[in-house]
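The values are calculated or read from the model by the stated rules, or taken from the named source; none is laboratory data. Owing to the predicted nature of the structure, the values given are computational and were not obtained by experimental measurement. Positions of Cβ are generated from backbone atoms using ideal geometry, with glycine treated the same way; all protein chains shown enter the neighbour counts. Side chains included, ligands, DNA and RNA excluded: accessible areas come from the protein's heavy atoms. Shrake-Rupley method; radii C 1.70, N 1.55, O 1.52, S 1.80 Å.
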Amino acid sequence: MNIGIMSFAHIHATSYADAIRRIPSATLTAIYDTDFSRGQQASTVYDVPFFADITQFLANPIDVVLVCSENVLHKEMVIAAAKAKKHILCEKPIATTLEDAEEMIAACEENGVKLSIAYPVRYSAPIRDLKQAIDAGELGDIVAIRSTNRGQNPGGWFIDEQLAGGGAVLDHTVHMVDIMRWYLDSEAMEVSAFANRYFTELDTDDAGIMTIVFENGVVASHDASWSRFPQFPTWGDVMIEVIGTKATRKVDVFNEKLNVYSKDQKSLTHLYSGNDTDFDLIVDFLKAIENKQNPLISGYDGLKSLEIALKAYASNDAKKAVTL
């Protein structure tokens, strides 16, 4: 299967490119980027042709494209790829507005191509184990969820609202509310949130906390931030605690680790030892395309998680709970 990558703006792009190299049935055949030097650099690293023109890029015999651009460019790249009849895996968040997300989903449906959103947390082994336990009824009826996604400030275009569409609340909310929806098979109906600058002097939010009420009555809280300092032992955390009438289970995705001590700037480093979720995401998406099946994560999943994050901002602005 021939794969093209549209932009290396996102930090996951190199991880996905490395994953493709490890899949015998997949070949990275073309790279497109709006940033010429960034595209050229990726072309050199992966020994793959670089195209600065999107039309020339899409004219290649590509089966699948991975969209890893700045968030604000997702819409135009996805729609162009859909019209060129390419299946698409798009980085999260799906878009920066619900209207753009809806247009992207419609374009893919109209052109008969699959659209999936990159939520690799769904492929974490302990996250999937907890999903199986919930579905098997081991926790009983779910009554509450608590989650966190706290990491280091990514810098670059991530902290430019014109390119990213938001700050830490957008960046670090969509992953975990996607897991909540997946676990509960229920949609959010109300969001209450606070977002502000607590750790930096950025022009955008670097932290926020929210309460989400789901249609099935479950109440969830989520703590999203860029609060980890550079010397912290690991990039951050991705934690979820599910409280049921029979049992409570807690998972921290990055807690599968080895402790590495040194005399460098970081005296302690947490070396992640869990499964490679980016690799598993790519493998599963390509398998779905090959077998003409729907991917595990749909464009609609991307839209609904984006909606919750945007409602968090709306709640913060209105200083009250907002409904979906």
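Helical content of the chain, expressed as a calculated mean residue ellipticity at 222 nm, amounts to -11000 deg cm²/dmol (DSSP H runs of 4 or more residues, -39,500 (n - 2.57) each, divided by residue number, nearest 500). Classify segment 1-80 from the C-alpha gyration tensor, please: rounded if a/c falls under 1.5, else prolate or oblate depending on whether a/b exceeds b/c. Note, shape of segment 1-80 comes out rounded. Note on I11 and A133: their simple-model spin labels are 2.8 nm apart, each label 7 Å out from Cα toward Cβ. The equivalent ellipsoid that matches the C-alpha gyration tensor of segment 203-244 spans semi-axes of 26, 15, 5 angstrom, in descending order. Hey, what D do you get for segment 177-324 in µm²/s if you plug the Kirkwood alpha-carbon radius into Stokes-Einstein at 4 °C and 1.567 mPa s? Here the translational diffusion coefficient equals 72 µm²/s. All distinct Cα pairs of segment 74-203 go into the 1/r average, and the inverse of that average, the Kirkwood radius, is 17.0 Å. Entry comment: accessible area of segment 28-136 is 39 Å² per residue, from protein heavy atoms only and a probe of 1.4 Å. Peptides 307-317, 221-231 ranked from most to least packed give 307-317, 221-231, packing being the mean of other C-beta atoms within 10 angstrom over each peptide's residues.
Across segment 21-142, how many lysine pairs separated by 8 or more positions, or lying on different chains, have Cα atoms within less than 24 Å? Total qualifying Lys-Lys pairs in segment 21-142 comes to 11.
Take the Cα of S262, step 7 Å toward its Cβ, do the same at A321, and the gap between the two points is 4.8 nm.
Roll a 1.4 angstrom probe over the protein heavy atoms and tell me the percent of accessible area of segment 145-250 that is carbon or sulfur. Percent of accessible area from carbon and sulfur atoms in segment 145-250: 50. Mind checking which lysines have their Cα closer than 22 Å to the Cα of K266? Skip sequence neighbours fewer than 8 apart in that chain. Cross-link targets: K257. G274 sits among other residues whose Cβ lies under 12 Å from its own Cβ, and their net charge, with Lys and Arg +1 and Asp and Glu -1, is -4. What you get for the chain, charging only the Cβ of Lys and Arg (+1) and of Asp and Glu (-1), is a dipole of about 700 debye around the Cα centre. Where the centroid of each part is defined by its Cα atoms, how far is segment 1-64 from segment 199-220 in Å? Using only Cα atoms, the two centres lie 34 Å from each other. Here the average projected area of the convex hull drawn through the C-alpha atoms of segment 238-317 stands at 10.0 nm². Net charge near I62, counting Lys/Arg +1 and Asp/Glu -1 over other residues with Cβ under 10 Å of its Cβ? That sum, taken over residues with Cβ under 10 Å, equals +1.
Helices assigned as whole DSSP H runs in the chain whose Cα atoms extend at least 27 Å along their own long axis and whose mean Kyte-Doolittle hydropathy is -1.0 or higher are found at 299-318.
For the chain, taking Cα atoms only, Rg and Dmax work out to 19.5, 57 Å respectively. Between D18 and Y198, the simple spin-label model (points 7 angstrom out along Cα→Cβ) gives 3.1 nm.
If R0 is 51 Å, the Cβ-Cβ spacing of E76 and K246 corresponds to a FRET efficiency of close to 0.60. Equivalent ellipsoid of segment 48-133: semi-axes from √(5λ) of the C-alpha gyration tensor, largest first, are 26, 16, 13 Å.
Just checking the listed ones, V45, V72, V218: in the Gaussian network model of the chain with Cα springs under 10 Å, the one fluctuating most is V45.
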